[in-house]
Structures are given as C-alpha cells and as structure tokens.
Amino acid sequence: MILPRFVRKLLGVLRGNVAPPLIFLSVLLGVWIGLMPGWSGLHTALVVLVLVINVHIGLFILALGLGKAVALAAAPALYHAGLWVHAHAPGLLAKLSSIPVVGLTDFDRLAVAGGLVVGPVVGAVGGLVLAIVVFSFRRTMLKINEKSERFRQYYSKLWVRIIDWFLFGRRTKDVQAMFAKAKYIRKAGVVLAVLLVGGFLAAAHFLQGDVVKDYAAGAITRINGAEANLDQLGISVLGGSVSASGLQLTDPKNPQQNQVAIEKMEAGADIYELLLGRVVIEKAELTQVRFNQARQTPGKVLEQTTKEKPFDPNTYRVDANDLAKLEKYVKDAKQLKEQLEKLRNWLPESKPTDGNQPAGTVEKVPEKYSEYLTARLATAPTPRMLAKLLLADKTEIPSPLFGNSRIEVTNLNDAPQAAQLPITLELKSYDTPALLKAQADYSKGTGTPEISGTFEGFDLSKLEGLGQDAGLAFQSGQAAGTYRGTLTKEHVDLAIDVSLKNLRAKGTGKGVLGLGAEQTSQALQVLKELTTTIRVVGPPTEPRLVFDTKGLTKEFQQALVKAGKERVLQEVDKQVQKQLGDKLGDKLPSQLKDTIKQPDAKGLMDAVGGLLGGQKKQAPKQEPQK
C-alpha cells in the first residue's frame, strides 16, 4: 500500500508465476493498442485476443497507459511513420483491410497506420526487456533459495507474506512456484469473449426498439439538415437485412412539406462486406415514394452554418446570338433553378480524384500538435456503399410526363470513379407511355462518365411551363430519341437527337425562328413529323439550349411552301367549284376533278390545258432506216 500502484504491479510480476512469454505478450499488446489513437476494428480484435490469451491484465493495463502516453508525446513520429507505411507497405494495409472486423479500421489516418507498425516493435522491445529482467530476477531468487535454508524458512512464513504483500504487493508462496507451468489460454476469457460477441450479434439481430429507431432518425436528421421521421426500423445482422417504414424527410427550405417520403423500404446486405466496413446491397426495394408532400406538422430545421445566397435575377445572362437560355422557356425561372440546384448535388465530379492527387500527400498538413494524431492521407476514395439493384415502385414523380412510375437503378455507389461500374437508370411511367433509360459509364477510368440513353413515349401535350416566349404551344404529339455526352456538377454537354411524331402545335407570341405566330402555326399544320438535334450546354444550374437553326429553318421553309401550295390549291378548288361546278354540274370532266385535288400546281395547269385543247408537243416518230 505504501508504494505506487504501478510499482507494486511490477514487483508482483517479478515475484509472481506469470511465465516470461506471457509477460512479453502482455506488454506487446498493451503498447500496441495504446500507440494507435482512437478506436477501430483492429483495437477490437486485439482486445478479444487479450481476453483469450492468459496475459497479465494488470501489466497489460499498465503497458496500455504507457503506450497512450508515448502516442501523445511522439505524435509527429507516428504521423511520419504512417506516411512511410503508405509509401512502402500499401500491400500490408490492403491485406489487413480484407480481414473481417480488422477491415473496419481507418488506415488512411496516418497515426493509426504508424501505430500499426511502431506499436508492435516498441511493445516487443519493452516486453522482451521486461521478460529478461523477470527471468533473471527469478533465477537469482532460485539460487538464493537453494543455497540458504534460513531464507527458505523465512520466505515461507505467513506473517512475512502478509507484510510483504502490504509493502510490495503479491508474490508466490515459495520460489519454486515462480517457475510453474504457463497456461497460455484463459478459459474464462474464451467464455467471456464468446458471450460478448454472441451477445452483440444477438442484440443486433433484434434491434427493433425505439432506442435504435430514434438513433437512426437522429442520424438521418443530421444528414438531411431537417427533421426525419421513422415509424418502424428492423435490423437483422445475422440475416443481413434492414427494413423500415414511414420514412419522412423534411425539406429544409420548406418545413411545411417533405422533400421525400417512403412508405416502405427493404434491403439485404452482405455480412462479410459489413464486417469490412462496406455496405453491399444485392437488392433494395422502395414502395410508394412521394416527393414534395405536405406534412401534418411542420418539421424542425437544423441551424445552417452557411447562409444561402438570395436569388438574383441579374445572374441570368441572355446572349442575343443564341436562341435563349433554358429559363426563357419556363414561367418561373427561380423555381427551375432551385430544382436544378438539387439535381446538381447528385451529379458526379468532373475530375478524377485518383489521377491528380500525388501519392503521400495529406488532406490537411498539421498546423497544431494535436492534428498529427488526426491527419489523414488524401487517397482515392473507395466504394463503401454499393446497391447492385435499387427498385423504387409506385413512385410519384412531380412531373405530368411520368406521374406514378417505377424506378430501377443498378450499381449505385458512393465512389463511382473507383468502382468503374456502369450506373444505369430506367424510369417507366404507369400513367403515361413515357420511358426513360440512362447510363453513366465509368468503365474507361477517365473520371468523367459518359452519359447516354434513350427516351420514348413523351406526350408533348403534357409539357408544362411553356409560355408566350416559347413561341409555340403543343397540343399533341409523341417525342422519342437518344442522347449522349457528359453531365457533371460543373458542366453539361449533351447532344439530344429528337424525333417528333403526330405533331400538333400552334405558334404563340413571336413564334419561332422569326416567323411570327401566324406563319409558325401555318407551318405546324403541315409539319407533322420533325427530326432535329438539340444540344444542352453550360453549368447545370444555368444550361442553354442550342438548336440546329439551319436544319430547323429548312424544315419550316419547306413546310411553309407546302402549306402555301395547299392553301392555293384549296382556293383554286373553291373557285373552280364556284365558277364551273354550278354551271356544268356533273358535266365537269373527271380529269379536272381528280387533278385539282392533287397538291401539285403543275399537274393542275396541265389538266386545265388539256381540257381547253392544248396538247403537249410530241417529237415526230423517226422511221427506221432500211
């Protein structure tokens, strides 16, 4: 009791019966865990190992505290050791990352990677030194015990042991007991480890309570930035499945409504991947997904750290050389801009994260001493979440083109540049014949995906937002086509080949292509089909439509000529019927009746000429030469 506790522990080890190999392992594991900051999967695996191996718990705790002190004192050394490990032993880190539970460790944290290598080295040296000292001390005690009968009698007395324990701590009953046979496996520790692991899995298997549900709702709230509600949550770790119902995410900009609500969600995950810190979902099903639905009570919005920039209409620049910006074709440009800004958050980065980042650089160079323990290596992101198939059935798309729809997404992940898997999207409407297919191809490894896809069954009469400035209003028609190009957070460049059929439309405002509303309507009366290419270019929040003006002008000119001919023929037909039809009645030659109905003015004149006696001159027949 007089000496400090750690000194008493060391003396107890010296005079105890713990085998030197176990002393070595006690120090090794304690220092190793202590030198790695934080808590990770590797920490968990080492602690389970401590329970199973019959290490000296007191010595292990003492070494653990010593290791933590060394980690704080030598934080820069761990930082630089982590840089060395990433530069010279990346294969070791990759191998450890593939081991269940151990793979949960964040080896990109440089102090952890440094402690991974420095810890066992320092622990082994310290454990070896202590084991040698203990072995030498016990051999000395054994020699004294063998040579002195008086010492043996004195050492075995009860009152001596009591005073010795009071002054110096525990010791063996006699010197011979110091060399007792070592037991390397702690049976009680094995039972305890099994109970702990089994209890954790069993508890995780039946995670259905309100505590877990509230925790999950709180985590989603922090991610969403506004209140998230969850009716039920079920997690089965052994079965690798998660189910939830009644999920509502409040719109941070409009707490009166939800930005998304999901009636039911079910997903199955790979257990092995979960133990590596990755979520790989074979199939996730969502039903009755709703957007922008009113809430029964307003949701709470978390305080924002950054202020939103107010809407400035002067940011919309109009170039007279172009047809117009996309905002010209809608009534409310502010609303469209907000929707495009939401869409932009889901778009990929335009630059690869692995090609421009030099090896060995860190996300932030430490400026404070404590940052040496938290600094991370700026490595290329790896997929931590992958949904091989995401099915959202009965989803209410806020667009009259689709309405109630079925959405199917494949290979959805959080690091598509690293996964290099093609992400596909299929959107099929239940209310209309609309079908949209899209693919983002990351297989080429360029970082910027190639976007391609098709669309069909787009009902033009359901296009909303077209105003007088659009120049035309669709009454009916079907649009189909293909598109290709790039679509990122910074830039849009898509070429869309559009084919319009069964087109019925009329001109509005100033019409299109400078034709005026009346002439536009006349051309559209004849122009039932149209094929053209449209390019969408610019920032995602301010894209522009670039039309094939030459091709469109030619199409409209031909349509106007055709419309003019039909109008002339209709007028001639009306006049002929008026002037000749009443007088001649049924005597009007059928040749003229049939010809005036043809959309060909030349045929009409030939027929009239033949009727009046004019005949085409024919070349004289040549007699064959004899």
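Only the coordinates and a few stated rules stand behind these numbers; no lab work does. None of these values were measured; they are calculated from a predicted model. When we count neighbours, we look across all protein chains shown, and the Cβ atoms used for this are built from the backbone with ideal geometry, even at glycine.
Could you list, in their original order, any pairs among 501/550; 364/437; 68/213 whose Cα atoms are separated by more than 32 Å? Walk me through the intermediate numbers first.
Details: 501/550 20 Å; 364/437 41 Å; 68/213 35 Å.
As for pairs spanning more than 32 Å Cα to Cα, those are 364/437; 68/213.
Starting from the amide H of residue 226, placed 1.01 Å from N in the peptide plane, find each other amide H under 5 Å away whose residue is 5 or more places distant or on another chain.
Amide H neighbours of residue 226: 302.
Loop only per DSSP, at most 13 neighbouring Cβ atoms within 10 Å: give me the trypsin sites (Lys or Arg not before Pro) in region 369-455, ordered by residue number.
Details: sites: 376, 384, 388, 394, 406, 428, 437, 444; in loops: 384, 444.
Qualifying residues, ordered by number: 444.
For residue 264, enumerate residues with amide H under 5 Å from its amide H, sequence gap 5+ or separate chain, H modeled in the peptide plane.
For residue 264, the qualifying residues are 246, 287.
Can you give the FRET efficiency to the nearest 0.05 for residue 537 and residue 236, using r as the Cβ-Cβ distance and R₀ = 41 Å? Walk me through the numbers on the way to the answer.
Working: r = 48 Å, r/R0 = 1.18.
In this case the efficiency is close to 0.25.
Mind giving me the nanometre distance, one decimal, between the label points for residue 282 and residue 493, set 7 Å out from Cα along Cα→Cβ?
In this crude label model, residue 282 to residue 493 measures out at 4.2 nm.
Would you mind computing, in nm to one decimal, how far apart the modelled labels at residue 72 and residue 194 are, each placed 7 Å from Cα along Cα→Cβ?
Rounded to a tenth, the inter-label distance reads 4.0 nm.
Enumerate the calculated ³J(HN,Hα) couplings along region 292-297 in order (Karplus 6.51 cos²θ - 1.76 cosθ + 1.60, θ = phi - 60°), each rounded to whole Hz, writing x wherever the residue is Gly or Pro.
6, 9, 5, 8, 5, 10
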